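The values are calculated or read from the model by the stated rules, or taken from the named source; none is laboratory data. Since the structure is predicted, the reported quantities are computational estimates derived from the model, not experimental observations. Positions of Cβ are backbone-derived with ideal geometry, glycine not excepted, and every protein chain shown enters the neighbour counts.
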Amino acid sequence: MRMQLVRLGFLALFTAVPLAAAAQTSDYIVTAQGWGAAQAEAVAAAGGTVIFGHDGSGVGVVRSSAPDFLSRIRGSHAIQSAERDVVVSWQRPQTGGTIDADFTNPPNNDTFFNGVQWAPQAIDAPAAWAEGCTGLGVRVAILDGGIRHNHPDLAPNLDTARSTSFVPGEPYNNDTGTFWHGTHVAGIVAAVDNVGTTNSGVIGIAPRATLVGVKVLHNGSGAFGWIIQGILYAATPIAQGGGGADIINMSLGAVFNKNDPDARGLVAAMNKALNYADRFGVLVVSAAGNDGIDLDHSGNVISVPAQSGSGVSVSSTGPVGFGYGATNFDSPASYTNYGNSAINVAAPGGDFQLFGTPAGNAGCVAGLIVQACWALDMVLSTTRNGWGWAAGTSMAAPAASAVAAIIKQRNPGISLGALKTSLARSALDRGKQGNDPFYGKGWVNALAACRQ
């Protein structure tokens, strides 16, 4: 594969390798007008087996050991496109430190909110909560790695019955290491506001939204087929056996040449999955990427799923020197991708420009903790064993998803188009007036969203 794949949590590089079930056996992503007997017969005739077929989207995942499978399946009139699936893998995200906890005796009254969690306060989330805008009743699917189901900040809001995994052999509530990217993302959306009740450490921007964990990554890796199946499941109503999401958050992605012949079918399949979500009025929110790429002027480079279908792409902002009193929370992050044609809105994702500097390495007091000053510019959220800091568009996307959940709560019957418009209109105009390459339509604001 001639694809350049890029980390969307912190700065790191993806690699792409064929998804092989066994020696000489590979998985493929196949698209068609619909999916039924004609497609299954075409796959069989080409020497393959259908692993997953979805009539509503026309996307299938198939497996074959035939060396000429691609040429044979592409010759069928029942098939639109076919590509070898790839596993997207990347390094573990760097973090600015963690706070481990004994969950049987968690800290009282959202200890880490005041003085440490700058992101919800920067976008006026507390004022929105005071007016009843908490995301109550809105379902946000987190397509990511594992979510720790019994984390005290997440358990009250997690729909375990509808949470699931598309990673073979791995449950939705498992991952490796101690950070757990999916758990961090979930906390940004809807860590519970448990002041005076269960008590725990942080608060999400939509602290009463319902979380649906959809595992499509494991140990920092995920096949396109897993991600596409996750989108289709999350967008399908509960009555039809799906996750019943109102909003899908994807803090993941790939950056590559849109004319790469090895990628066209994967792009087409991703577009079909997002278009399927559109039909059910489900908003898909994706991280824009962390390469500092001007997506307007980078030739044929495209970021997927950020620029797939009609979803919402989110760039990142963050302060420099929060531990020293800085309040420049809406400054474009040093790493964020940008471009008028690519970015819909911006949201807090954190930064790390003080890393390795004397000022950054010094200890700063924030709330009840002392932490390296550079880390405090990042976003604090839930991790497997407690709480931790991270920065990236991976952290900005769930902030925007949470603001969208606030709008959806206020307007339960809102159309998808109106929801996108409301998210843009409630964002604060930053940068040049109007659409801006770093901010898109603006920097999300929970209070403005609540009052629309």
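What the table shows:
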read-out	value
Test: residue in region 267-274 that is over 18 Å from Asp27 (Cβ atoms) and not hydroxyl-bearing (Ser, Thr, Tyr)	yes
Test result for Phe52, at pLDDT 95 or above and either in a strand (DSSP E or B) or assigned by TED's automatic domain parsing to the domain that holds Val304 (or both)	yes
Among (1) under 18 Å from Asn249 (Cβ atoms); (2) among the β-branched types (Val, Ile, Thr); (3) modelled with pLDDT under 95 - the single one Ile99 does not satisfy	(1)
From the options Pro152, Pro156, residue that is assigned by TED's automatic domain parsing to the domain that holds Arg384, free of Cβ contacts under 8 Å to residues at least 60 places away in the same chain and not in a loop (DSSP other than H, G, I, E, B)	Pro156
Single condition Leu416 does not satisfy, out of (1) over 22 Å from the mean Cα position of the chain (by Cα); (2) modelled with pLDDT of 95 or more	(1)
Unique residue being more than 16 Å from Ser401 (Cα to Cα) and under 15 Å from the mean Cα position of the chain (by Cα) when the list is His218, His184	His218
Tally, over region 45-87, of residues that are touching a helix residue (DSSP H, G or I) at 6+ places or on another chain (Cβ under 6 Å) and acidic (Asp, Glu)	2
Tally, over region 408-452, of residues that are crowded, with 17+ Cβ neighbours inside 10 Å and assigned to a loop (DSSP other than H, G, I, E, B)	11
Any hit, region 396-412, residues being in contact (Cβ under 8 Å) with a residue 60 or more places away in the chain and over 22 Å from the mean Cα position of the chain (by Cα)	yes
Residue ID - nearest to Asn337 (Cα to Cα), chosen from residues in region 437-452 that are more than 20 Å from the chain's Cα centre (by Cα) and at pLDDT 95 or above	Pro437
Every pair of residues 6+ apart whose Cβ atoms lie under 8 Å, when the first sits in region 349-378 and is without any contact (Cβ under 8 Å) to a residue 40 or more places away in the chain while the second is among the charged types (D, E, K, R) and not in a helix (DSSP H, G or I)	none
